[in-house]
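Chemist: Have a look at this one.
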Amino acid sequence: MEENFDIQKYMTQGVERIVADSLRATLKDPRESAFMVKFAASSRKAAKIRAEEEKNGLHIPPFLIASITSSCNLHCAGCYSRCNHATQDSEPVSQLTSEEWLSIFKEADEIGVSYILLAGGEPLLRRDIIEAAGKMQNIIFPIFTNGTYIDEKYLKLFDKCRNLIPVMSIEGGKEETDMRRGKGIYDKLIGAMDSIYEKGLLFGASVTVTTENVKEVVSDAFIGSLAQRGCKLVVYVEFVPVTEESKELAPGEEERKFLKDGIGRLREEYSEMVFVSFPGDEKSSGGCIAAGRGFFHINSHGGAEPCPFSPYSDTNVKNTSLRKALESPLFTALREQNVLMEEHSGGCVLFERRETVEALLAESAGK
């Protein structure tokens, strides 16, 4: 993989290529073709909006991550979201309503955001928000889900709203997936993938890379099985250890090199698919792309955060616009003081530099 790899360009062009391929494959389906043509036009318009904003001094990232709920039905081993208390078993309080999320989605469309990644918790628990997202046909919504709630009603919604693309979490084969996510989860995932494929819908896979599964998840056996089921996108996220007990699962230099080389090979051999790696692709792109460089995160309560792994916020979108959130004191300090560019051992630079982030947050609160 080249050292000047541009992750934002690769992701944007990759998704647009998948959309174009789907258009060619579904010319006999007028409804599908209409969406693909409309989105292609919307994507070009969004790029122009971002370019104009850049001239005026405001960088608008093409991606936004929205954690639409703090609830989840699983207890995956080493889950950063639970360790950070972003996901809990107690009844959620003060979470954004579907109307508030729809307002955020509309503003995102207005300022040129093309892709909003829906996360959680388990996002499919919030059907009201998923349905609201389906109305925003100018934006593609990859839904990062554990796959256990994909039923016939959701399949019908995904069929009706082609801008909703499930991205299912899988850790490799049956043993690796069930070990981390719970007994029987792998079979549910495969069943969901097969149902989606039978409907002719797009889907992707998300893999948390650990020392235990790194060789499996870049193997031809694993990727080949996903490709046969119609998977078009694979997102690799290096495991971030948020407890002392889980540090041994975090990839070291040897595992990261193996992952990087493996993804480089997969991009050549499976050109019809898109492969993205965090933070590997970020390091090749000149640093972390959080805090508005390439994306930012909105938590389930409306707090604007640099990314899900860095749950710090000095701005809430309940009280301000997305534009203002991008110019928040915390985001601005992280970008201007080059914290995002700092060297780190792997996983997440903002998690490793959390004391620095906390100090910048305290400083912004004092202003």
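Chemist: Treating the beta-carbon of each Lys and Arg as +1 and of each Asp and Glu as -1, no other charges, what is the dipole magnitude of the range 154-246 about its Cα centre, to the nearest 20 debye?
Modeler: Dipole magnitude for the range 154-246 comes out near 640 debye.
Chemist: Only helices at least 18 Å long along their own axis, judged from Cα atoms, and with Kyte-Doolittle mean hydropathy of 0.0 or greater: name those in the chain from DSSP H.
Modeler: Details: long enough: 7-25 (26 Å, -0.18); 30-55 (38 Å, -0.77); 98-111 (20 Å, -0.46); 185-198 (20 Å, 0.20); 253-269 (24 Å, -1.66).
Length and hydropathy pass: 185-198.
Chemist: Once the Cα atoms of the range 190-268 are picked out, what are the Rg and Dmax in Å?
Modeler: Cα-based Rg and Dmax for the range 190-268 come out at 14.2, 44 Å.
Chemist: Just reorder ASP178, ASP187 by solvent-accessible area, largest first, 1.4 Å probe, all chains present.
Modeler: ASP187, ASP178
Chemist: Between ASP128 and ALA34, what length in nm is gained on full extension when 0.36 nm per residue of separation is reduced by their alpha carbon distance?
Modeler: Gain in length upon complete extension: 31.4 nm.
Chemist: Something else: Residue farthest toward the positive end of the dipole of the chain, with Cβ of Lys/Arg at +1 and Asp/Glu at -1: which of LEU125, TYR312, LEU155?
Modeler: LEU155
Chemist: I would also like to ask the following. State the percentage of accessible surface on the chain attributable to carbon and sulfur atoms; use a 1.4 Å probe and exclude ligands, DNA and RNA.
Modeler: 51 percent
Chemist: Can you give the accessible area per residue of the range 136-282, in Å², using a 1.4 Å probe? Intermediate values should be presented prior to the final figure.
Modeler: On the way: 6030 Å² over 147 residues.
Averaged over the residues of the range 136-282, the accessible area is 41 Å².
Chemist: For LYS48, go through the lysines and keep the ones whose alpha-carbon is under 19 Å away, minus same-chain ones fewer than eight residues off.
Modeler: The qualifying lysines are LYS9, LYS38, LYS106.
Chemist: Can you send over the solvent-accessible area of ASP109, 1.4 Å probe, protein chains only, in Å² to the nearest 10?
Modeler: The accessible area comes out at roughly 40 Å².
Chemist: Can you check what the net charge comes to around GLU238, using other residues whose Cβ is under 9 Å from the Cβ of GLU238 (Lys, Arg +1; Asp, Glu -1)?
Modeler: Once positives and negatives cancel, what remains is 0.
Chemist: For VAL214, tell me the accessible area in Å² from a 1.4 Å probe, rounded to the nearest 10.
Modeler: 10 Å²
Chemist: Just how much of GLU110 is accessible, in Å², when a 1.4 Å probe is used and the result is rounded to the nearest 10?
Modeler: Rounded to the nearest 10, that gives 130 Å².
Chemist: Something else about it: Only Lys, Arg, Asp and Glu count, each charged at its Cβ (+1, +1, -1, -1), so figure out the dipole size of the range 106-180 about its Cα centre, rounded to 20 debye. Mind dumping the intermediate values first?
Modeler: Values: 10 positive and 13 negative charges, 55 e Å.
In debye, rounded to 20, the range 106-180 gives about 260.
Chemist: Modelled label-to-label distance, ALA365 and ARG229, 7 Å Cα→beta-carbon offset: nm?
Modeler: Output for this residue pair reads 4.4 nm.
Chemist: Something else now. Charges on Cβ only, +1 for Lys and Arg, -1 for Asp and Glu, centred on the Cα centroid of the chain; of ALA41, GLN228, THR145, which one is farthest towards the dipole's positive end?
Modeler: ALA41
Chemist: With +1 on the Cβ of every Lys and Arg and -1 on the Cβ of every Asp and Glu, and nothing else charged, how large is the dipole of the chain about its Cα centre, in debye rounded to the nearest 20?
Modeler: 1380 debye
Chemist: Could you tell me which of rounded, prolate or oblate describes the chain, using a ≥ b ≥ c as the square roots of the eigenvalues of the alpha-carbon gyration tensor, with rounded for a/c under 1.5 and, failing that, prolate when a/b is larger than b/c and oblate otherwise?
Modeler: Rounded, since a/c falls under 1.5.
Chemist: Work out the charge dipole of the chain with +1 on the Cβ of Lys and Arg and -1 on the Cβ of Asp and Glu about the Cα centre, then indicate which of THR12, THR332, VAL240 is farthest towards its positive end.
Modeler: THR12
The values are calculated or read from the model by the stated rules, or taken from the named source; none is laboratory data. Worth saying up front: this structure is predicted, and the values here are computed from it rather than measured. Backbone-built Cβ (ideal geometry, glycine too); neighbour counts: all protein chains shown. For the accessible areas, the whole protein counts, side chains as well, though only heavy atoms, and no ligand, DNA or RNA atoms are used. Shrake-Rupley method; radii C 1.70, N 1.55, O 1.52, S 1.80 Å.
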